[in-house]
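Novice: Can you keep this structure in mind? I'll have questions shortly.
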Amino acid sequence: MLNKNVEPPISIGIGTTGKCNLNCPHCYSNSVRNYSLSFERIKRFLDGKNVTSINYGTGENYLNSEFVKVVNYCHDRGIKQSLTSNGYSIKHLQDDIIQKFNDIDISLDFSNEKLQNEFRNGESWSLAQESIEKCVRVGVEYSIVTAVMSINFMEIPMLLEMVKNIRCNLRLNIFKRVPYSNNKIFELNYEEFWKAIKLLFLNGKLISCSEPIVNAMLDIPPIVKKSPCGIKSIRIHPDGKIVPCVYWPDSSLCIDKMEPLNSIFKSEPFQLVSEIPPYCLKNCELVDICGGGCASRRYLSDNIYEPDMYCPVYKDKPIPNIEITYDTNEKDLVHSSYLCTLIFSGK
């Protein structure tokens, strides 16, 4: 008989700190820059929960003095862990701690040193290169992670060539406008979005896709139907707030309230994420795959009840004809199914 007290398995994204060595113009975490989570707060929340995987992102987690304690605790529990970093945390963590991660993501938004350092306002390129060398040396799977923006989507072929040469993966997040900053200029318009997707499939081999609008339009069998955010995963900000997606700006939920997962998933922001726009229900036969697209993208553009801004059906545009090449190597990557993202290898 099913025990109703057993909580469902979930993936979690945790920003143990908002502190960072850089000040990037496209960053989503400026509002939590001065917050950090203690080991005890994190442990208290995780205890008793069926957590399958954790990714550490938001700030540079090494700048949380108790980060290593968190990693060791989760490793001892058998939780699959990954780390997203501009390179600073990877550089400073000891080899034996790096080896406790299932995989690591290293941030690069451009394929050459000059553009990367100018955009990230610091020596970002050298940090990334050192991190790549360290991951190779200690034998940890790694990916280059890129925020796809209006200013860099034409870099996609060069980035795919780069990852081909260094034998790793390229993971891409479509940039989302965020509150507390004037960075809407980085947002892709409709034409740029689909040009970026075409460049990806022309020059790369698909490992996984959890961008629901892409899965629906290109007939890609989804790992998780609709957007995975807030359905089988949660995010914890450095101030302790619980949100369905790392881009979600606010929530009344907090890790200190010790609410059961069922209550969290029934809360207002999580219900909004799972709500399908009326237009999609009435007009699209692909709604079961797409679910209206990325809920955070809709919410942040003040159109939560309208379809994804990149939807051809909603825009009355032809569905793109894009040929897909799949990477046949099996990859066990934490990011594959817990947020809206695309992961490729080079052709």
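Novice: Determine which member of the set 55, 64 is surrounded by 17 or more Cβ atoms within 10 Å (Cβ to Cβ), over 23 Å from residue 338 (Cα atoms), among the polar types (S, T, N, Q) and in contact with a strand residue (DSSP E or B) (Cβ under 7 Å, 6 or more places away or on another chain).
Specialist: Of 55, 64, the one residue that is surrounded by 17 or more Cβ atoms within 10 Å (Cβ to Cβ), over 23 Å from residue 338 (Cα atoms), among the polar types (S, T, N, Q) and in contact with a strand residue (DSSP E or B) (Cβ under 7 Å, 6 or more places away or on another chain) is 64.
Novice: Taking region 136-148 only, how many residues are surrounded by 22 or more Cβ atoms within 10 Å (Cβ to Cβ) and not hydroxyl-bearing (Ser, Thr, Tyr)?
Specialist: Number of matching residues: 3.
Novice: So, one more: How about region 243-286: which of its residues are closer than 26 Å to residue 319 by Cβ, at pLDDT 90 or above and not in a loop (DSSP other than H, G, I, E, B)?
Specialist: Once the filter is applied, which keeps residues that are closer than 26 Å to residue 319 by Cβ, at pLDDT 90 or above and not in a loop (DSSP other than H, G, I, E, B), region 243-286 yields 278, 279, 280, 281, 282, 283.
Novice: Hey, does region 252-265 have a residue that's farther than 22 Å from residue 50 by Cβ, free of Cβ contacts under 8 Å to residues at least 60 places away in the same chain and within 20 Å of the chain's Cα centre (by Cα)?
Specialist: The answer is no; no qualifying residue exists.
Novice: While we're looking at this one, here's another question. Need pairs with beta-carbon distance below 7 Å; first residue surrounded by fewer than 20 Cβ atoms within 10 Å (Cβ to Cβ) and modelled with pLDDT under 90 and within region 175-197, second assigned to a helix (DSSP H, G or I) and not small (Gly, Ala, Ser); sequence gap 6+ or separate chains.
Specialist: 177/184; 177/300; 180/30; 181/30
Novice: When you scan region 1-106 for strands (runs of 3 or more DSSP E) that lie fully inside it, which ones turn up with 1 or more residues that are in contact with a Gly (Cβ under 9 Å, 6 or more places away or on another chain) and among the polar types (S, T, N, Q)?
Specialist: Answer list for region 1-106: 51-56, 80-85.
Novice: Looking only at region 287-346, count every residue that is of a type in the set (D, E, K, R), at pLDDT 90 or above and at positive phi and tell me the total.
Specialist: Residues that pass the stated criteria total 1.
The values are calculated or read from the model by the stated rules, or taken from the named source; none is laboratory data. Note that the structure is predicted; figures quoted are calculated from it, not measured. Cβ atoms come from the backbone with ideal geometry, glycine included; neighbour counts cover every protein chain shown.
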